[in-house]
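Coordinate-derived values only; no laboratory data. Since this is a predicted model, take the numbers as computed values, not measurements. Note: ideal-geometry Cβ built from the backbone for every residue, glycine included; neighbour counts use all protein chains shown.
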Amino acid sequence: MCRRILAVMFIILVLAVAAAAWAYNYYNRMLEPAAPGAAEEYRIIVIPSGASTGYIASLLYEEGLIQNELAFRFYVHRHDVSRDFVAGQYRLSPAMSVEQITGQIRAGDVYVETLWFTIPEGYTIKAIAARLAETGLVSKDQVLEIADEPPADLKEEFPFLQKIDDPDVDYLLEGYLFPDTYEVYSDAGLEDLLKIMLRRTDQVIGEDYRQQAEELSLSLHEVLTVASLIEREARVDHERAVIAGVIYNRLKINQRLQIDATIQYILGETKEFLTYDDLEVESPYNTYQNEGLPPGPIAAPGEASINAALYPEATDYYYYNYKYDDSGEHYFSKTYDEHLENVRRAEENLD
C-alpha cells in the first residue's frame, strides 16, 4: 500500500515538475518578439499618465506587440518595474521582446515624429521659403518676412547677422541659411527651422575659415556674397576657385564684375540668354551697372563655393564665358580680345 502511494506521489511530482517546466518554457516563449521578422514594422502607441499594467498589457496585445497579456503582466510584477513606466508616445516594433519594450518605456524613450527637408545649393531665399512652405510648418510669406528683418533674439544668438549693415540688402538672411538636408520635429516653428540652418552655417564657417577671411581682409558677409556668385556661376567643381580668382582680379582693378547671375537674381528668374534691356535694369545688385560686389549674397552657397571664395586660384584671367558644349565648363581669358574670341567659339558650339 505504501509502495503504491509512493508511486502515485512520485508520478504526481514528475507531472508537477513537467508542468512547471512546460509553464516556464511557455512563459519565456511569450516574452519573445511577437513577430521576429517584422523589424521594419512599427506601431505608435500612447501610454497615458497613471496607466495600469493591465491597461498597458491590453494595449500592447491589441497592437500585436506582445504575444500574451498575462505573461507581460507577470514579467512586470516579477521585475517590479511598473512604477518606472513613463507616460508618453512610443514607437515600438513587433520584433522587440518584452524586455526591450519595457526597457524603452522605463527609459522614457518617447517618440517624437520628425520630417525631412532639403535645401539645394544655389537656392535663393524665395526658393528656400517655398521649400519650407512645402513642409506644412510655415508659409512662404512668414519666411520672407522674418528673412527681411529677423527678430532680436535671432540676431543675439547669431551675432554675425548684426554685422550686416548695408541698407540695400534685399533679405538679411539671404545666403546665410546653409543648403543641406535637415531633420526637424513635426511641431517645429519658423524660428526653429531658421536656427537649425543658421547653426549649420556657423558650423561650416569654422575657425580656419574665419582666420582665412581675416587674412584676405574680408568680412563673413563679403565671403558669403562672393561664394554665392561662384555658386550661381560655376557648373563644375574644378572651376569654382578659378571663377573666384576672376572675381578678385576684377575687384582689385575696380572693373565691374558683370556677372549674369546677379541680373537673374534681380529678375527673379534664370534666363539662359540675357537681353541688353536686362543688363540695364536698375538695382544695387546689377554688377553690369555698379562697381564692386552686390550688397549681399544672391543665393545660398554650399561649402565648396565658400572654400573657393576663401582659397581662390591665382590666375591672370579677367573674363570667362560658358562654352555651350555640354561640358559645364567655361572659357577663361586674360584680355578682352581673347574674351571676344572665346565668345565666338562658344557661339559656334551653340550652333
Tilt relative to the chain, helix 336-350 - C-alpha long axis, 0 to 90 degrees, to 10: 50 degrees
Among Met30, Asn342, Leu154 - extreme Cα towards positive end, dipole of the chain, charges at beta-carbon: Met30
Part-to-part distance (alpha-carbon centres) for the range 63-83 and the range 291-351, which is given in Å: 68 Å
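Dipole of the range 114-204, Cα-centred, from +1 at each Lys and Arg C-beta and -1 at each Asp and Glu C-beta, to the nearest 20 debye?
Working: 8 positive and 20 negative charges, 62 e Å.
Its charge dipole is roughly 300 debye.
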Between 0 and 90°, nearest 10: helix 69-79 axis offset from the chain longest Cα axis: 90 degrees
When each of Lys195/Lys252; Lys126/Lys155; Lys140/Lys323; Lys163/Lys334; Lys126/Lys195; Lys163/Lys271 is checked by Cα-Cα distance, pairs over 29 Å: Lys195/Lys252; Lys140/Lys323; Lys163/Lys334; Lys163/Lys271
Degrees between helix 190-204 axis and first principal axis of the chain (Cα, 0 to 90, nearest 10): 70 degrees
The range 28-107 - percent relative contact order, Cα under 8 Å, separation 6 or more: 48 percent
Exposure proxy ranking, count of Cβ atoms within 10 Å, fewest first, for Thr287, Thr118: Thr118, Thr287
The range 138-176 and the range 235-266: distance between their alpha carbon centers, rounded to Å: 25 Å
Which label in (i) 218; (ii) 165; (iii) 150 gives the computed volume of the Cα convex hull per residue in Å³: (i)
Listed residue (Gln104, Gly122, His77) projecting farthest to the positive dipole end of the range 74-203, Cβ model: His77
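Can you sort His339, His238, His330 so the residue with the fewest Cβ neighbours within 10 Å comes first? Could you put the intermediate results ahead of the total?
On the way: His339 18, His238 10, His330 23.
Least crowded to most crowded, the residues run His238, His339, His330.
Dipole magnitude of the chain about its Cα centre, charges +1 at Lys/Arg Cβ and -1 at Asp/Glu Cβ only, in debye to the nearest 20? Write down the numbers at each step before the final one.
Numbers: 29 positive and 60 negative charges, 622 e Å.
So the dipole magnitude of the chain works out to roughly 2980 debye.
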